[in-house]
Amino acid sequence: MTPSSHGLTIIANRLPVQRVEHKDGFRWQTSPGGLVSSMIPVLRQGGRWIGWGGSHTQSLQPFRHEDIDLIPVSLQPEEVEHYYSGFSNRTLWPLFHDALRPPEFHRRWWRSYQNVNRKFAKIAAENMDPSGTCWVHDFHLQLLPSLLREQHPRAKIGFFLHIPFPPTELFAQLPWRVHLLEGMLGASLIGFQTPFGASNFRNVAERFLGAELDGDDIYYRGRKTKTGSFPISIDTESFEEMTRRPSIQAMARELRADLGGNRKILLGIDRLDYTKGIDMRLRAIETLLIANPNLAKEFVFIQVGVPSRENVPDYEELRSRIESIVGRINGRFGEPGRVPVQYLYRNLPIQSLVSYYMAADIMVITPLRDGMNLVAKEYVASKTNNEGCLILSEFTGAANEFQEALLVNPHDLDGVANTLYQAIKMGTAEGRRRMLSLRHKLHRNNVFHWSKNFLESLGELEVVRV
Ligand code: G6P
């Protein structure tokens with residue numbers, strides 16, 4: 001063990017930085033997001049983050065960024081294709097999201113997934129404290145806990161799944177289900193976004209491994225693994241701070257003025273992913289306008305689609321479908337200088353997103369399945385004036401906590417259209433009452449509570465064979 005191997009080791013598919021090109025080369029920029037912001041203060045006290053630097057980065061050496069040690073894992077183009085785009089994004093991603101697209105099962109993708117997990121394990125095992133704490137994140141690295149356990153039996157290994165864990169009938173399809181479960185069970189603690197995910201996992205462990213269950217604990221091959229629900233959150237205070245900045249307030253005012261002062265602003269912000277239900281949402285807007293054509297003067301709907309996984313065919317196809325529905329709605333209900341739907345396909349800096357949240361009267365979040373959905377939490381955090389209305393899909397982890405939102409079934413076009421109508425016409429008193437209680441919930445669980453809860457639960461577990 002080297003002196004630098006003390007402290008926490010985080011392992012995730014991606015490093016917490018993005019490469020930004022400029023005219024003299026490139027620089028690293030800290031990625032936005034709850035996971036990164038919650039881990040930075042912990043890692044500054046000693047620790048490291050192991051992950052992939054992204055497609056254009058091969059053979060990178062370990063480096064420090066903002067006082068944190070980053071240890072890159074290099075992936076060859078074939079590994080990016082088979083492990084990342086293939087097994088992670090075309091097998092596990094759809095399988096764990098209700099098979100919204102048919103999951104594809106290819107043995108060469110599986111082999112690559114195993115090899116890349118071994119590659120991460122080797123680098124992690126060399127760099128971590130053998131009896132220290134190691135926290136593995138998400139579906140790309142489900143074999144890692146066992147691989148690490150083989151090398152460092154005394155380590156405190158935790159695993160957190162950011163996406164839903166599917167029910168037995170779906171998980172059963174996976175040809176390598178036993179290996180995946182055994183991989184995860186190398187951890188002492190496995191965290192899920194909701195109690196449903198945790199319970200689905202315990203059920204499949206019992207069914208396909210013959211593991212024994214005792215409450216939240218799973219006993220398998222002489223080891224005990226605890227499972228639990230740890231809903232992730234955001235750095236609420238940093239969003240509230242941004243809403244106080246005069247520059248962001250000015251951006252929000254400008255946006256509102258540009259969109260026509262009296263029109264209600266409806267907003268959707270999502271990674272352009274088929275799980276997010278963007279196409280269904282647009283069709284619900286269309287349904288609303290067909291029934292109430294006069295509403296076209298009363299609101300504008302802004303949809304921001306953040307480019308994502310563009311080399312996966314389902315994502316390309318989704319993009320054209322969304323663009324065609326937007327064109328159809330605007331062609332039918334727009335007038336010169338005024339269209340009901342404004343669609344932006346791009347990345348926006350976090351400051352602009354906050355100004356959008358501040359300007360939006362109604363946030364429309366209707367995924368068909370989503371592990372948590374942090375956009376819902378970011379919107380609520382940005383509504384420091386306690387105004388605004390959140391329409392939220394029942395099929396998000398966030399709905400579990402945010403019962404005071406207007407909850408919808410995103411498959412029910414008429415139901416969503418009616419809820420949109422209700423939100424547009426909602427009185428300020430009801431809106432305020434709902435928003436206050438959402439904000440109250442959010443303040444009880446920020447991302448620092450989340451990481452502290454997980455790490456404390458992991459720390460309390462004894463790493464013993466039973
Ligand atoms: C989801 C996953 C994350 C992933 C993110 C972006 O939120 O849970 O692990 O990083 O999507 O996807 P990408 O494929 O670009 O990393």
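Data overview
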| read-out | value |
| --- | --- |
| Unique match (being surrounded by fewer than 19 Cβ atoms within 10 Å (Cβ to Cβ), closer than 30 Å to residue 95 by Cα, more than 16 Å from the ligand (Cβ to nearest atom) and polar (S, T, N, Q)) among 308, 324, 247 | 324 |
| Cross-chain or 6+ apart pairs with Cβ under 7 Å, the range 150-178 first and aromatic (Phe, Trp, Tyr), then open to solvent by 10 Å² or more (accessible area, probe 1.4 Å) and within 16 Å of the ligand (Cβ to nearest atom) | 160/230 |
| From 364, 341, 354, residue being open to solvent by less than 10 Å² (accessible area, probe 1.4 Å), farther than 22 Å from residue 318 by Cβ and not hydroxyl-bearing (Ser, Thr, Tyr) | 354 |
| Residue 373 free of Cβ contacts under 8 Å to residues at least 40 places away in the same chain, touching a helix residue (DSSP H, G or I) at 6+ places or on another chain (Cβ under 6 Å) and of a type in the set (S, T, N, Q) | yes |
| Within the range 101-114, tally of residues that are closer than 19 Å to residue 147 by Cβ and within 16 Å of the ligand (Cβ to nearest atom) | 3 |
| The range 148-177, residues that are surrounded by 21 or more Cβ atoms within 10 Å (Cβ to Cβ), under 15 Å from residue 120 (Cα atoms) and more than 16 Å from the ligand (Cβ to nearest atom) | 148, 149, 157 |
| Selection count, the range 20-34, where residues are within 22 Å of residue 374 (Cα to Cα) and touching a strand residue (DSSP E or B) at 6+ places or on another chain (Cβ under 7 Å) | 3 |
| Strands (runs of 3 or more DSSP E) contained entirely in the range 192-278, each with at least 1 residues that are of a type in the set (Lys, Arg) | 223-229, 264-271 |
| In the range 274-294, the residues that are within 23 Å of residue 334 (Cβ to Cβ) and open to solvent by 10 Å² or more (accessible area, probe 1.4 Å) | 279, 280, 283, 286, 287, 290, 291, 292, 293, 294 |
| Residue 294 being out of contact with any Lys or Arg (no Cβ under 8 Å at 6 or more places or on another chain), more than 18 Å from residue 343 (Cβ to Cβ) and assigned to a helix (DSSP H, G or I) | yes |
| Strands (runs of 3 or more DSSP E) enclosed by the range 1-100 - at least 1 residues per element that are of a type in the set (Ser, Thr, Tyr), buried (at least 22 other Cβ atoms within 10 Å of the Cβ) and away from the ligand (no atom under 16 Å from the Cβ) | 8-14 |
| Near pairs, Cβ below 9 angstrom, 6+ apart or cross-chain, from the range 262-283 (farther than 23 Å from residue 102 by Cβ and within 15 Å of the ligand (Cβ to nearest atom)) to any residue that is outside any strand (DSSP E or B) and open to solvent by 10 Å² or more (accessible area, probe 1.4 Å) | 269/348; 269/353; 269/356; 269/375; 269/378 |
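The values are calculated or read from the model by the stated rules, or taken from the named source; none is laboratory data. Remember, it's a predicted structure, so these values are computed and weren't measured experimentally. No Cβ is skipped: glycine too gets one built from the backbone with ideal geometry, and neighbour counts run over all protein chains shown. Ligands, DNA and RNA are stripped out before the accessible areas are found, and what is left, the full protein with its side chains, is counted by its heavy atoms. Shrake-Rupley method; radii C 1.70, N 1.55, O 1.52, S 1.80 Å.
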